[in-house]
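Heads up, the thing below is written out as structure tokens.
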There are 2 protein chains.
Amino acid sequence: MNSTQSDRRRFLKDAALAGIAVGGITSASGQAPTSESRHADISAYGERSQFENSVRVTAAFHDPPKDHSSVTPLQDSVGIITPSGLHFWEDHDFGNPLPGGDPRQHRLLIHGLVDRPTTYLWEDLKRLPVGSGVYFIESKSNSKPLKGRDAESVQQVHGKTSCSEWTGAPLSLLLREAGLQKGAKWALAEGSDSGKYTTSIPIEKAMEDVLVAYAQNGESVRPQNGYPLRLIVPGWQGHNDVKWLRRIKVVDEPYMAKWESGSSADQWPDGKARWFRFETGPKSIITRPCPENRLSGHGYCEITGLAWSGGGKILKVEVSTDGGRSWKQARLEGPVLPMAHTRFCFDWNWDGEEAVLQSRCTDERGEIQPSLAELGRHMGVPPDQLEPYFGFPGKLKDHINAIQPWKVNWDGSVRNALFS
Amino acid sequence: MNSTQSDRRRFLKDAALAGIAVGGITSASGQAPTSESRHADISAYGERSQFENSVRVTAAFHDPPKDHSSVTPLQDSVGIITPSGLHFWEDHDFGNPLPGGDPRQHRLLIHGLVDRPTTYLWEDLKRLPVGSGVYFIESKSNSKPLKGRDAESVQQVHGKTSCSEWTGAPLSLLLREAGLQKGAKWALAEGSDSGKYTTSIPIEKAMEDVLVAYAQNGESVRPQNGYPLRLIVPGWQGHNDVKWLRRIKVVDEPYMAKWESGSSADQWPDGKARWFRFETGPKSIITRPCPENRLSGHGYCEITGLAWSGGGKILKVEVSTDGGRSWKQARLEGPVLPMAHTRFCFDWNWDGEEAVLQSRCTDERGEIQPSLAELGRHMGVPPDQLEPYFGFPGKLKDHINAIQPWKVNWDGSVRNALFS
């Protein structure tokens with residue numbers, strides 16, 4: 001920060017009072033290109049090859065049943081960045097047609113327990129100091145079903161996690177400019193979808209690293225992922241990342257909005273519900289081999305996958321090829337960034353015997369990814385209630401970060417071995 | 001590396017001898033999705049909003065004149081990742097229609113001074129141990145013209161630099177598997193374009209960190225950027241990153257191919273040519289404000305841009321708002337990765353007076369981005385030969401990493417102030 005904080009604060013305060021008058025920048029590239037300034041379409045914006053057909057598919061598993069989720073083809077993933085067009089999304093049946101049309105009509109209101117309620121235009125936000133980082137987003141409902149036909153797919157089971165570079169205005173800046181009042185404890189974030197998707201975020205996290213993101217992987221957020229504005233709450237479960245964001249209300253307590261007090265709550269064995277679960281635990285998934293990527297013959301095979309944690313950087317990933325009896329450390333390839341997907345690789349020579357492959361990660365706090373049985377114990381779920389019913393989890397409803405074993409059969413096919 | 005090197009080597013040797021038989025993985029997702037497995041197109045692969053119109057444009061500056069270059073809209077850039085569809089490209093007039101059709105027909109031959117000449121299929125390479133990193137690619141002909149109408153655009157002048165996550169097989173692995181013979185000093189890389197674009201790379205660099213990349217930003221390389229295979233030579237000038245790669249011949253000396261000994265060579269004041277220039281020097285560019293992004297009023301303005309160096313990580317970026325009399329350190333926002341674009345940000349309060357904005361970076365080796373005059377001295381070009389002719393450089397032909405000053409006028413418009 002090189003100019004004085006007070007300069008910026010004064011500017012923003014004046015802008016709020018005057019309702020406009022941002023001392024910012026006008027983009028000349030906001031105009032459609034003329035035919036002179038561009039030639040072939042392939043030059044203007046290059047699409048992928050006609051031979052490429054990796055796609056998202058509709059999730060087979062719906063909870064509640066009206067949800068629509070579109071899951072990322074993890075079996076095709078390379079590196080740590082998910083292509084924006086393949087980033088998973090959920091619309092909770094609200095978003096048809098998608099909100100977020102003309103961004104010039106979009107407004108973000110900051111109000112509630114603040115001294116200066118403020119409305120921002122999309123272009124206003126792009127003129128403010130920038131925050132940027134590579135972060136995963138994972139749905140709390142990821143990693144289901146546990147068993148059954150639809151469990152035979154890394155895309156179907158685990159495809160509700162993706163990773164992008166997100167860029168936007170720090171929420172802490174917007175809240176400081178608005179002036180937090182005494183008693184400001186939670187930030188209620190609301191989308192502009194027809195269902196007014198809403199969630200409550202503790203003010204401590206809101207002031208820490210949350211972004212009001214207008215960009216994903218170097219360009220505007222894609223429509224399914226919240227265009228023109230999406231909240232990004234790094235390391236926390238994806239339902240906090242409110243899409244088509246239009247309102248932040250600062251309040252004194254959580255609002256227990258529909259998706260917090262209803263389907264998003266965990267029911268515990270004693271019948272009580274646990275409403276708030278924030279951070280994503282350490283988790284890793286082998287993406288090759290997997291049910292979609294069978295082995296075609298004996299010999300060398302690189303085992304590779306993704307690891308991530310809401311607790312910071314991934315410290316290490318271990319791989320077992322003998323059903324968990326022994327573990328060896330994998331290589332982390334490419335950038336290892338906090339609260340981002342991290343790519344791991346492990347050299348393996350397949351001798352043609354049956355084998356069970358699994359990975360487990362440890363984050364920089366030392367937290368270790370649990371097995372399903374360990375997760376059950378941690379969550380207070382008795383072992384006999386872990387067994388799923390038609391593939392749906394038993395008493396383990398959400399937030400499943402258990403180790404995923406894949407069984408390699410004699411013929412090179414790969415099956416889900418979580419319950420086998 | 002967890003399995004023995006010899007296992008992998010044996011596998012690869014056998015594969016080379018047998019001509020095939022890779023103990024690898026078959027992707028079930030290579031099939032086109034059925035209508036049952038996908039619903040709307042927006043779910044299968046999400047495109048950007050209809051309101052988004054940031055595009056590459058044809059470079060106004062051609063050298064040689066038959067070149068076709070398509071330049072990245074840096075004025076719209078955010079974060080450090082360039083969207084694959086907006087990554088700059090040059091086809092040297094070879095690639096129309098683009099090579100790189102059906103990737104299953106594509107072959108990569110490794111031969112020359114090796115014990116075991118080897119041919120790889122695209123799918124073979126994807127089964128090998130992976131190398132991955134976020135790297136910039138910058139054309140050596142970037143940052144022209146220096147003056148004139150086409151110099152009034154950050155996209156036209158500097159848009160031949162972009163940054164992606166690149167993933168592929170390490171070239172060192174392929175060369176080790178082939179077995180380098182005595183006298184192996186250079187790797188000659190050839191594309192499958194109609195002009196057989198070819199360049200020579202020292203074997204030391206080939207064995208260090210070069211990738212035979214099949215993926216860019218988490219999916220296959222885009223056609224204009226070399227689908228299905230592109231060489232990535234981290235930190236070196238972009239003409240080494242051979243697209244549509246089909247052949248690596250290990251040789252004992254550089255081959256002085258057309259583009260090395262011809263137009264890619266620098267002519268020096270004494271009439272001699274300097275053929276090989278490898279590493280990209282430390283460089284930074286302010287992308288907002290810039291000629292395309294004028295100031296619309298007094299007050300707060302974030303100055304932001306990109307910095308990069310072939311010498312490793314960016315250590316710091318300094319910004320001057322008074323024509324270079326004083327400099328203050330900018331904030332580096334987001335990941336700071338070696339040989340990658342690095343985003344810098346600087347708070348500024350515009351008082352409405354004329355101002356000259358410029359940035360200069362220092363890389364982790366301590367090398368500092370030069371002014372044009374300093375660059376000229378370093379390159380042995382007399383001051384009177386720096387002045388461009390119709391915007392084309394004087395004796396400074398390529399490899400221009402000089403500080404770029406932008407002048408802010410009273411009315412908020414921004415002009416190129418390199419010669420003013």
As straight-line cross-link partners of B:Lys185, the qualifying lysines (C-alpha separation under 17 Å, not fewer than 8 residues apart within one chain) are B:Lys205, B:Lys249
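Counting alpha carbon pairs within less than 8 Å and at least 6 residues apart, what relative contact order, in whole percent, applies to the stretch A:105-259? Working shown, then result.
Values: 359 pairs, mean separation 46.1, N = 155.
Once divided by the residue count of the stretch A:105-259, the mean separation gives 30 percent.
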Taking a straight Cα-to-Cα line shorter than 20 Å from B:Lys144, and setting aside same-chain lysines fewer than 8 residues away, one finds B:Lys66, B:Lys160, B:Lys283, B:Lys395, B:Lys397, B:Lys407
Output row for A:Asn349: copy-to-copy label distances, label 7 Å along Cα→C-beta, ascending, in nanometres, one decimal, is 6.9
Along the stretch B:235-240, Karplus-curve 3J(HN,Hα) (6.51, -1.76, 1.60; θ = phi - 60°) to the nearest Hz, with x for Gly and Pro, reads x, 9, 5, x, 5, 7
For A:Trp410, inter-copy label-point distances (7 Å, Cα→Cβ), nm, shortest first, read 8.9
Taking alpha-carbon centroids only, the stretch B:331-353 lies from the stretch B:142-191 a number of Å equal to 25
Distances in nm between the label point of B:Gly366 (7 Å along Cα→Cβ) and its equivalents in the other copies, shortest first, are 3.9
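Rule-based calculations on the coordinates, nothing more; no lab input. Remember, predicted model here, so these are calculated numbers, not experimental data. A quick note on method: Cβ atoms are made from the backbone with ideal geometry, for glycine too, and the neighbour counts reach across all protein chains shown.
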